[in-house]
Every structure is written in structure tokens, then in C-alpha cells.
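Engineer: Below are the C-alpha cells for one structure; questions will follow.
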Amino acid sequence: MKKHYFSGFLFLTALTVQANTATYRSFDPINGLHATYTGNELNITSGDAGQQLAFKLIIKKVGGYKPVAQPLMSMHENIVAFDHDHHFKVEYLNDEWGIRQKFVIQEAPAAGKLTVQLQAEKDWDAQYSSATSITFRNKGQQLNYGSLKVSDANGQSLPAHFTVHQNNVEISVDARHAAYPLAILTIGGGSTLLGASTLMQSDQVGARMGTAAAGAGDINGDGYADVIVGAPYYSHGESHEGAVFVYYGSAPYGINPNYYTLLEKNVAEGHFGEYLAGGGDVNGDGYDDVVVGAPYNSGTFNNDTGKVYVYYGSSTGLGTTPEIIRSSRQGDHFGISVAIAPDIDGDGNDDILIGANNGEGYVTVVYGSGWGLENPFTTEIAISGTTGFGTKVSDAGNIKGAGSRAVMVASNEGVYIYYSDFAGVETTPSQTILRPVNAGSFGCAITGGGDVNGDGFDDIVIGAKDYADVEHNRLQAGAFYLFTGSNTGLVTTPKLVVVGSMDSTLFASQLSLAGDLNKDGYDDLVVGLPKGELIRNENDQPDEGGSSIYLGHPYGGLNFWPGGGQRSAKANSLMGTSVAGAGDVNGDGYPDLLVGAPGYSNLQLNEGICAIFLGHSYVPARMAAPGTKK
């Protein structure tokens with residue numbers, strides 16, 4: 001039988017039909033989870049004997065009707081459905097948001113009260129989280145079940161809530177004025193901000209924390225990865241001066257959100273923290289450093305002389321007195337992009353890339369040294385005739401294999417690859433990737449330094465958030481392009497192009513090759529979609545945003561379908577505005593993930609947050625309870 005691949009972290013491996021009964025089996029390649037669907041059951045088990053995961057959710061009644069013994073099973077695209085004598089249907093859809101379970105009720109129940117009755121088997125207890133969310137727990141294991149939404153035939157949202165008692169769950173719907181048929185949607189295992197290990201927040205109205213975020217390497221040399229988060233509208237003495245919050249990793253929980261170093265510039269409307277980078281040691285002292293770009297240093301974007309601030313790590317944390325790299329050209333947007341590139345010139349110190357994209361634009365490479373950056377060696381690269389050269393800069397990794405280094409620069413026309421030697425970066429690009437047809441905003445995000453197919457050569461990924469999917473009339477679907485390395489350099493024909501499934505979500509506006517998230521030997525990609533929504537036109541949360549994870553693969557380079565994801569479940573959060581690999585913040589051997597949501601409102605409107613998802617929570621089907629061993 002031909003294999004079908006579902007859009008998500010569960011992959012269809014078998015489908016058997018006997019009379020009118022059907023069993024749908026799927027496998028999660030990240031955590032080894034097996035899922036089986038029948039007409040009245042959802043089963044999830046673990047392929048790892050050490051995990052001992054066995055979860056079963058039984059459908060008892062829907063709208064007063066019990067499931068029939070032989071429901072009619074059907075499949076359409078990514079949806080499998082079980083029809084119970086036309087009284088109700090149960091549909092399943094697997095994607096990066098979780099396992100969606102939808103109950104479709106055809107007519108009003110005779111008793112008047114509309115309920116769905118479910119039961120978890122054996123030792124699983126249902127615990128109430130909110131009116132629209134519950135959690136199933138069994139010793140140290142946890143499964144989220146929620147995001148409850150109900151809509152009728154006219155698209156009207158209906159009030160609904162969960163009631164729980166031990167392992168029994170009831171969904172109650174106020175359907176007195178509903179137009180049938182109506183749909184009850186839930187998500188099993190969906191990872192939202194409630195599933196994050198840590199939420200870092202500014203506690204200030206309009207600070208928009210999470211606009212930028214990055215892994216910072218090991219700033220204090222304690223063996224745990226640290227992170228940096230920008231809040232460009234933070235006010236602390238000056239209006240909207242901006243700030244960068246520096247958080248330190250530790251065992252066993254990772255980041256303590258109440259302990260941080262605050263970096264600020266004390267210039268009104270300076271929006272400090274919008275452009276930042278970390279994860280490299282530019283002065284060779286053994287502690288990683290942080291770079292912050294300030295292209296509009298005095299708050300007036302068009303006339304400013306930009307600056308870049310370099311903060312040094314130490315055994316006590318990040319110092320707050322920076323060395324400053326200044327531009328001499330007014331209005332050049334110096335610092336509009338920054339990156340730390342691992343030791344371009346082979347002197348043992350990491351180096352800094354600085355973009356200045358106004359007009360034709362240029363990039364300055366600042367070489368690190370043991371005596372600091374007071375009078376650094378630099379290389380300036382530019383291409384006559386381009387526009388916006390330096391809009392994005394990034395390390396490109398070992399594209400030609402071990403011993404080679406490369407960096408890349410984006411302009412409005414394309415992305416340029418520069419190789420380096422002991423003299424530094426070459427000033428002429430070795431390879432050029434021009435903007436493909438329909439790829440609007442090509443180069444809005446670039447990421448490198450990861451080997452997604454395990455061949456020993458690093459690969460790069462380029463985003464085009466305004467890619468036009470003309471075939472499906474999605475004129476701003478967004479897309480990302482994967483280009484693989486080889487012993488002769490970058491293969492400039494894309495290995496893979498993935499197009500967003502909805503319009504205007506800003507899909508691929510943010511990208512990060514975030515390391516080997518699932519420890520299978522292949523690096524993985526995180527993609528932001530800040531205006532993404534779970535299901536459009538179904539009373540969803542507008543602009544909640546989210547991120548998707550695409551797993552490395554030895555053949556295609558990356559899996560075409562996402563293998564997991566996170567979402568905010570809150571309107572206007574813009575989650576996915578920043579995404580980054582955090583490194584291992586809690587020392588458990590698994591890389592962790594940063595996702596920013598600058599529009600998130602908790603106690604303060606638009607305060608913004610940045611969430612850390614620890615290893616094994618990337619795929620949202622299962623998360624360990626706090627304090628338990630994963």
C-alpha cells in the first residue's frame with residue numbers, strides 16, 4: 001500500500017478496513033509515540049519501553065448517542081473521519097498544533113442538553129485547568145487536552161466548558177440557539193504557552209518583549225546555556241529606550257525568570273534590543289559575549305549614526321559596560337543586523353558581522369581579539385548596484401565541510417555567500433542566490449551553521465515571508481528554501497521549498513537552525529509564523545501566532561511536513577516574531593527552544609513574553625510534569 005504522510009508530527013503507517021470498521025495507526029518519529037484511532041477510541045503509546053506511556057481516551061456518548069459498533073470510516077486529504085449512523089462524526093487531523101479531535105453533531109439532542117462524554121482508561125486522572133482546557137496525568141506523565149472551541153452551522157461561537165471527575169470528562173455546550181450541524185473541536189497534546197518551561201516577561205505595558213531573542217552561549221562559564229531577549233519599547237527612565245534581558249541557565253529547570261541582567265542605552269525612543277546576537281567569544285577570555293545593534297541610536301531613524309554595543313561575559317555574568325563600535329556615516333542604519341560568526345580568520349577569537357542596509361548598503365566584519373575591540377581589524381564588503389545589502393547577516397557554517405568557514409548577507413536582490421581564510425572574509429561573493437520568481441521578501445530571514453542531512457556539510461535556509469502561492473491564490477503564503485552544502489560549496493539549486501498553508505501568516509519571517517532538537521543526528525529548523533492561526537474562519541484567535549519545527553532528514557534534508565510546534569492560544573500575541581535555539585539551558589543533554597510573542601498581554605497590555613520550551617516538549621504530544629525526570 002502506498003504510504004501517506006500527514007501534515008504533522010504523526011505519520012500514517014497503516015490503515016486497515018474490516019467491514020465498516022477501521023483502525024488508523026500513526027507514528028511520531030521524534031519521541032517514538034504510536035497513535036491509533038478507531039470509531040470510539042484514541043490510543044497513544046510509546047515506542048520507548050522506558051517511557052511506559054499508554055493513554056486511551058474512550059468516547060462514551062456524543063449528543064446522547066453511543067458510538068456504533070461499525071462506523072463508516074473515510075479519509076479526505078489530512079482528515080480521517082468516523083460516521084456513527086449520521087448522528088455524529090468524529091474527525092482527526094494531525095499537524096504541528098497537536099492531535100485535533102472534532103465532534104460533528106448533525107441534529108439537536110432529544111434531551112435538550114448537548115454533551116460529549118469521554119473517559120480516560122486506567123490510571124489517568126483528568127485535572128481541570130480552565131473552562132476550555134484540562135490535563136490528563138498519570139504519575140510523572142502529562143497530556144494536555146483542550147483549546148475547546150464550538151461553532152454552529154452559521155459560524156457562531158457557542159459557550160462550552162469542561163467538567164471532570166477522576167478519569168471522566170464531560171464537554172457541555174449551550175446550544176439552545178444553535179443552527180445544526182455544529183462542531184466541537186479539541187486538541188490533544190497541543191503545546192501552547194501553558195506548556196512552556198519558563199515565561200520571561202517585562203511586566204510593563206507596551207514593552208513588546210520577545211521582539212528579538214537569541215541563544216547567548218555560556219556567558220558565565222557554568223556549563224549551562226544562557227539566553228537574551230529584547231524588549232525594544234521598554235521604558236526605564238526614558239520613554240521606549242528599550243532593553244535587553246539576559247537570563248542564565250541552571251539545573252534542573254533551566255531559566256529563572258526572576259534573575260536577570262538588564263542592558264539599556266538610556267536614549268529616548270532608541271528601541272534598544274530590537275537587533276541582537278550572542279553565542280560567541282570575541283575577546284578570547286573563555287566567556288561568551290553579547291552584541292546589540294542600535295541603528296537609530298538617537299531615536300531618529302533616517303539621520304542617525306548607528307552604533308553596535310558589545311558586552312563581555314565573565315564568571316559573574318554579563319558585564320553592563322559595553323565596548324562601542326561606531327559608524328561614521330549618518331543615516332546608514334549601521335547595526336540593523338548583527339551576528340557573531342565563529343572564528344572567521346582562525347585566530348581563536350569569534351568575530352562580529354554588522355549590517356548597514358540604507359541605500360546600496362554594506363557589511364562590516366569586525367575581527368575579535370584578545371585585547372578587545374577598541375581598535376579592531378575590520379573588512380568592509382559591499383556590492384555596487386544592490387539595494388538593502390546587509391538587511392540580514394548570518395554565519396553560514398562549514399558549507400564545504402570541516403575547516404571551512406562562510407558567512408552570508410541578504411539584500412533585496414538575493415543572498416550572497418562569502419568564504420574566509422586566515423586573512424579574513426573575502427570581499428567578493430563566491431556564490432549568489434538571486435531571488436526566485438514569486439519569492440517576495442526573499443532573504444527576510446537567513447540561518448546557517450547546521451547540518452540537516454548529516455553529510456558533514458553545513459546547510460542554509462532562506463525565508464521569503466511574502467512568497468506568492470499563485471496556484472492556491474495565497475499571494476502572501478510565505479515559504480522557506482533549503483540549500484545544502486557540499487565539498488565544492490553550496491548547491492544553489494534548492495533541495496527543498498516549503499510553502500505556507502495559509503495566507504498572510506508571515507510564515508518563514510523568522511528562521512533558526514536550532515541544533516539537533518530530537519537527538520537523531522540531524523539538525524532541525526524552527527520556523528516562525530507570527531500571524532498564524534489554528535483554523536481560519538472558525539472563531540479562532542486572530543494573530544495568535546506560533547512556530548513549527550521541521551526535522552532534519554538524511555534524504556530530503558528536512559521533512560516536508562512539520563514535526564511539532566507551539567502556539568500562544570491568545571489573540572494578537574504574534575508568537576513566532578522571534579525563534580531561536582537556546583542551547584541546553586538545564587544541562588539535561590537536549591537542546592532547548594526560544595519563541596517570542598511581543599504582542600502577548602498578560603497583566604499588562606502588549607508587555608510581550610518569551611517562552612522557553614525544554615527538550616522533549618518540542619513535540620507537544622507529551623510533556624513531563626514539573627520536577628520529574630524526562
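Engineer: Counting other Cβ atoms within 10 Å, keep those with at most 16, restrict to DSSP loop, and tell me which chymotrypsin sites (Phe, Trp or Tyr not before Pro) in the stretch 546-587 are left.
Structural biologist: Y555, F560
Engineer: Just to be sure I understand the model, the point goes 7 Å from the Cα along the line to the Cβ. What's the resulting L475 to K519 distance in nm?
Structural biologist: 4.8 nm
Engineer: What list of whole percents do you get for P(r) of the stretch 459-529, with Cα-Cα distances grouped in 5 Å bins up to the one holding the largest distance?
Structural biologist: Calculated over all Cα pairs of the stretch 459-529, the distribution is 4, 17, 22, 20, 19, 11, 6, 2 percent.
Engineer: Let me check against my output: what whole-number percent is the relative contact order of the stretch 271-330, with C-alpha pairs under 8 Å and at least 6 apart?
Structural biologist: Here the relative contact order equals 26 percent.
Engineer: Follow-up. What distance in nm lies between label points placed 7 Å from Cα along the C-beta direction at A571 and Q127?
Structural biologist: The answer from the label model is 3.0 nm.
Engineer: By what distance, in whole Å, do the Cα atoms of the stretch 171-321 stretch along each of the three principal axes, largest value first?
Structural biologist: 66, 43, 22
Engineer: Which residues among the stretch 321-365 fall inside the zone where the amide N is under 20 Å from a point 7 Å beyond the Cα of N266, along Cα→Cβ?
Structural biologist: Hits in the stretch 321-365 for N266 at 20 Å: 321-326.
Engineer: Could I ask something else about it? Can you grab the distance from the C-alpha centre of the stretch 219-243 to the C-alpha centre of the stretch 268-292, Å, no decimals?
Structural biologist: The stretch 219-243 and the stretch 268-292 have Cα centres separated by 10 Å.
Engineer: In whole angstrom, how far apart do the alpha carbon centroids of the stretch 324-338 and the stretch 402-464 sit?
Structural biologist: Distance between centres, Cα-based: 22 Å.
Engineer: For the chain, what's the relative contact order in percent, using C-alpha pairs closer than 8 Å and at least 6 residues apart? Provide the component values of the computation, followed by the final result.
Structural biologist: Values: 2136 pairs, mean separation 72.0, N = 630.
Relative contact order here is 11 percent.
Engineer: For A251 and F377 in the same chain, what is the full-extension length gain: residue separation times 0.36 nm, less their Cα-Cα distance, in nm? Could you put the intermediate results ahead of the total?
Structural biologist: Working: separation 126, 0.36 × 126 = 45.36 nm, distance 3.90 nm.
Fully extending the segment from A251 to F377 adds 41.5 nm.
Engineer: Still on this structure: Give the share of C-alpha pairs in each 5 angstrom bin for the stretch 209-288, from 0 to the last occupied bin, in whole percents, shortest bins first.
Structural biologist: Result returned by the calculation: 4, 17, 23, 22, 17, 12, 5, 1.
Engineer: Can you work out the PRE-style zone for D285? Point 7 Å along Cα to Cβ, and I want the residues of the stretch 231-251 with backbone N under 19 Å.
Structural biologist: 246-249
Engineer: Order by neighbour count: H161, H271, H76, H553, fewest other Cβ atoms within 10 Å first, most last.
Structural biologist: Fewest-to-most Cβ neighbours within 10 Å comes out as H76, H161, H553, H271.
Engineer: Let me ask something else. Could you give the Stokes-Einstein D for the chain in µm² per second, using the C-alpha Kirkwood radius, 4 °C, 1.567 mPa s?
Structural biologist: Approximately 51 µm²/s, per Stokes-Einstein.
Engineer: For the stretch 289-361, compute Rh as the Kirkwood radius over C-alpha pairs and then the Stokes-Einstein diffusion coefficient at 25 °C and 0.890 mPa s; write the answer in µm²/s, rounded to an integer.
Structural biologist: Result for D is 189 µm²/s.
Engineer: Can you figure out the FRET efficiency of A54 with D347, using R₀ = 51 Å and their beta-carbon distance, to the nearest 0.05?
Structural biologist: 0.40
Engineer: With 10 angstrom as the radius, rank T387, T135 by how many other C-beta atoms surround their C-beta, starting from the fewest.
Structural biologist: Exposure proxy ranking, most exposed first: T387, T135.
Engineer: Another question, if that's okay. Can you give the extra length, in nm with one decimal, that the chain gains between E107 and R329 once fully stretched, where that is 0.36 nm per residue apart less the Cα-Cα distance?
Structural biologist: Length gained, E107 through R329: 72.9 nm.
Engineer: To continue, here is another question. Could you list R326, R100, R435 so that the one with the fewest beta carbons within 10 Å of its beta carbon is first and the one with the most is last?
Structural biologist: Listed from fewest to most nearby Cβ atoms, that is R326, R435, R100.
Engineer: Considering only DSSP states other than H, G, I, E and B, which chymotrypsin sites (Phe, Trp or Tyr not before Pro) in the stretch 329-438 qualify as loop sites with at most 11 other Cβ atoms within 10 Å?
Structural biologist: Taking the stretch 329-438 and a limit of 11 other Cβ atoms within 10 Å, the loop chymotrypsin sites (Phe, Trp or Tyr not before Pro) found are W371, F422.
Engineer: Modelling each spin label as a point 7 Å along the Cα-to-Cβ direction, I'd like the V491/D588 distance in nm, to one decimal.
Structural biologist: 3.5 nm
A short reminder: the numbers here are calculations on the coordinates, not readings from a lab. Remember, it's a predicted structure, so these values are computed and weren't measured experimentally. We place every Cβ from the backbone using ideal geometry, glycine too, and count neighbours over all the protein chains shown.
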